[in-house]
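Participant: I have a structure I would like to understand better, so I am pasting it below and will then ask my questions one at a time.
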Amino acid sequence: MSEPNLIETAADEAVTLTSELIRIDTTNTGDPATLVGEREAAEYVAEKLTEVGYEITYVESGGKNRHNVIARLPGADPSRGALLVHGHLDVVPADAAEWSVHPFSGAIQDGYVWGRGAVDMKDMVGMTLALARHYKRHGIVPPRDIIFAFLADEEAGGKFGAQWLVDNRPELFEGATEAISEVGGFSITLRDDVRAYLIETAEKGIRWMTLRVRGTAGHGSMIHRDNAVTKLAEAVAKLGNHRFPLVLTDSVREFLAGVTEITGWDFPEDDLEGAVAKLGNVSRMIGATLRDTANPTMLTAGYKANVIPSVAEASVDCRILPGRIEAFDRELDELLGPDIEREWMELPPVETSFDGAVVDAMTAAVLAEDPGARTLPYMLSAGTDAKAFQSLGIRNFGFAPLKLPADLDFSALFHGVDERVPVDALRFGTRVLDRFFRTA
């Protein structure tokens with residue numbers, strides 16, 4: 001293991017790097033006209049890596065200011081599969097008027113690093129970058145190759161980041177057998193200060209869907225039986241109010257079984273959602289993995305108050321459990337009927353088992369820093385760049401370790417106002433990742 005004073009220096013640097021990365025605005029609106037792009041942050045990361053001796057691959061991925069940085073640290077055994085450690089540099093938009101501190105200040109105050117990206121996911125980028133620098137400075141050789149990847153465009157599906165690299169530069173990830181990234185490794189306090197660290201082993205599939213209805217255009221003062229807006233509104237209301245069936249996947253069953261073992265709480269299937277509410281703040285995240293969801297998010301129609309348009313559109317954010325794609329499509333057909341056009345951008349579900357040497361190494365690293373804790377698998381209701389990397393046959397886990405205060409509503413910080421990460425959690429995570437990288 002690294003000398004204690006040296007790893008604490010790396011932990012200090014992880015806090016500084018996280019703050020400095022937050023100060024770089026990398027807002028990704030998904031719209032080329034308004035996004036900022038990752039170039040400045042990628043150049044920052046590239047400089048930090050080359051400064052300590054890394055040879056980097058700097059990839060412009062086809063869009064303006066869409067840049068990615070990849071570096072490989074050779075391990076002691078080149079015959080072993082490499083470990084991919086990836087993090088995205090982009091963040092979702094933030095309205096400064098809503099925040100207690102400026103979202104791009106990177107302020108370090110009240111025991112937290114504040115700003116957009118603090119947990120999604122410049123904290124993990126800061127910890128990873130600090131350790132990459134630490135290993136190179138001190139000649140530390142991990143047991144196997146580590147591929148560090150700092151990526152663009154995760155917040156819009158990875159078209160200019162992970163997806164682009166997998167399609168166009170797969171050789172950069174040659175030999176990688178496992179990967180870690182967001183969203184996992186964070187603690188929840190269950191009972192009597194007993195913490196469980198949730199390691200993501202699965203995530204729902206994404207389908208960003210456009211519904212389109214066509215009707216007859218006309219004057220708003222007339223009677224119209226073929227109004228596209230009316231038909232779309234009815235379809236959106238029907239879909240938004242629909243409850244898809246409850247489905248218990250293997251990862252959710254294993255998570256709930258672990259919680260029962262720790263707490264004694266029951267999770268009866270005839271009142272599963274009520275029982276999950278016992279989990280407190282994390283219940284929103286876990287509850288969203290019990291069934292498919294389809295949430296309308298945007299409506300577009302018309303151009304003048306007295307003109308009935310011929311076309312109306314709605315955007316719907318669909319999240320689909322592993323193994324449920326065909327059943328989900330059948331339910332959409334029944335709900336919407338043949339007159340509602342559907343188009344979508346789709347990213348697949350991800351799922352792996354909670355076992356093997358890599359899981360043992362994660363657990364050992366956590367317990368070395370928090371004895372008496374537990375690690376549990378769970379499913380993420382959202383999506384990550386793991387969706388791209390699984391197509392290369394890489395086994396994916398969410399493991400960005402953070403020891404969190406029991407009363408912190410962690411899930412609400414993702415894309416939320418006053419996003420922040422505890423300084424002590426960053427320091428803890430850096431120590432855990434160091435142990436993991438040196439034993440995985």
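Participant: Tally up the residues in the stretch 320-343 that are out of contact with any Pro (no Cβ under 9 Å at 6 or more places or on another chain) and within 25 Å of Gly393 (Cα to Cα), please.
Facilitator: Total meeting the criteria: 1.
Participant: Search the stretch 53-105 for residues being in contact with a Pro (Cβ under 7 Å, 6 or more places away or on another chain) and surrounded by 21 or more Cβ atoms within 10 Å (Cβ to Cβ), and hand back the single one that is nearest to Ile24 (Cα to Cα).
Facilitator: The extreme case among them is Ala94.
Participant: May I pose another question? Filter the stretch 326-360 down to residues that are of a type outside the set (A, V, I, L, M) and not in a loop (DSSP other than H, G, I, E, B), then give me how many there are.
Facilitator: Of the residues in that region, 14 qualify.
Participant: State yes or no: is Ser187 among the small types (Gly, Ala, Ser), more than 30 Å from Arg66 (Cα to Cα) and touching a residue at least 24 places away in the same chain (Cβ under 8 Å)?
Facilitator: yes
Participant: Cβ contacts < 9 Å: first residue farther than 18 Å from Ile320 by Cα, restricted to the stretch 375-392; second residue buried (at least 24 other Cβ atoms within 10 Å of the Cβ) and of a type in the set (D, E, K, R), any location; separation 6+ or different chain. Result?
Facilitator: Taking only residues 6 or more apart or on different chains, the pairs are Pro377/Glu200.
Participant: Continuing with this model, one more query. Scan Asp385, Asp292, Asp317 and give me the residue that is buried (at least 18 other Cβ atoms within 10 Å of the Cβ), modelled with pLDDT of 95 or more and closer than 18 Å to Lys238 by Cα.
Facilitator: Asp292
Participant: Filter the stretch 8-59 for residues that are assigned to a helix (DSSP H, G or I) and β-branched (Val, Ile, Thr); which is farthest from Val421 (Cα to Cα)?
Facilitator: Step by step, filter the stretch 8-59, then rank; the result is Thr50.
Participant: Pick out the one residue from Thr363, Thr375 that is part of a strand (DSSP E or B) and over 17 Å from the mean Cα position of the chain (by Cα).
Facilitator: Matching residue, one of Thr363, Thr375: Thr375.
Participant: Name the residues in the stretch 315-325 that are in a loop (DSSP other than H, G, I, E, B) and aliphatic (A, V, I, L, M), would you?
Facilitator: Result: Leu321, single match.
Participant: Taking the condition of being touching a strand residue (DSSP E or B) at 6+ places or on another chain (Cβ under 9 Å) and surrounded by 14 or more Cβ atoms within 10 Å (Cβ to Cβ), how many residues in the stretch 348-366 meet it?
Facilitator: 11
Participant: A further question follows. Of the residues Lys238, Lys231, which is among the basic types (Lys, Arg), in a helix (DSSP H, G or I) and either closer than 26 Å to Glu178 by Cβ or touching a strand residue (DSSP E or B) at 6+ places or on another chain (Cβ under 7 Å) (or both)?
Facilitator: Answer to the check: Lys231.
Participant: Here is a follow-up. Take the residues in the stretch 34-52 that are closer than 17 Å to Arg169 by Cβ and small (Gly, Ala, Ser); name whichever of them is surrounded by the fewest Cβ atoms within 10 Å (Cβ to Cβ).
Facilitator: Taking the candidates together, the pick is Ala46.
Participant: Of all the residues that make up the stretch 413-439, how many are in contact with a Lys or Arg (Cβ under 8 Å, 6 or more places away or on another chain) and either farther than 22 Å from Leu129 by Cα or of a type in the set (A, V, I, L, M) (or both)?
Facilitator: Residues in the stretch 413-439 being in contact with a Lys or Arg (Cβ under 8 Å, 6 or more places away or on another chain) and either farther than 22 Å from Leu129 by Cα or of a type in the set (A, V, I, L, M) (or both): 2 in total.
Participant: Now, a different point. Exposed (fewer than 13 other Cβ atoms within 10 Å of the Cβ) and either among the aromatic types (Phe, Trp, Tyr) or in contact (Cβ under 8 Å) with a residue 40 or more places away in the chain (or both): which single residue out of Met345, Met298 fits that description?
Facilitator: After ruling out the rest, the residue left standing is Met345.
Let's see how each residue does on (1) touching a residue at least 60 places away in the same chain (Cβ under 8 Å); (2) touching a Ser or Thr at 6+ places or on another chain (Cβ under 6 Å); (3) buried (at least 17 other Cβ atoms within 10 Å of the Cβ); (4) farther than 20 Å from Asn241 by Cβ:
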{"residue": "Trp265", "(1), (2), (3), (4)": "no, no, no, yes"}
{"residue": "Ala275", "(1), (2), (3), (4)": "no, no, yes, yes"}
{"residue": "Ala288", "(1), (2), (3), (4)": "yes, yes, yes, no"}
{"residue": "Ala305", "(1), (2), (3), (4)": "yes, no, no, yes"}
{"residue": "Ile308", "(1), (2), (3), (4)": "yes, no, yes, yes"}
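The values are calculated or read from the model by the stated rules, or taken from the named source; none is laboratory data. Quick caveat, the model's predicted, so the values are computed rather than measured. Because the Cβ atoms are built from the backbone with ideal geometry, glycine has one as well, and the counts that use them run over all protein chains shown.
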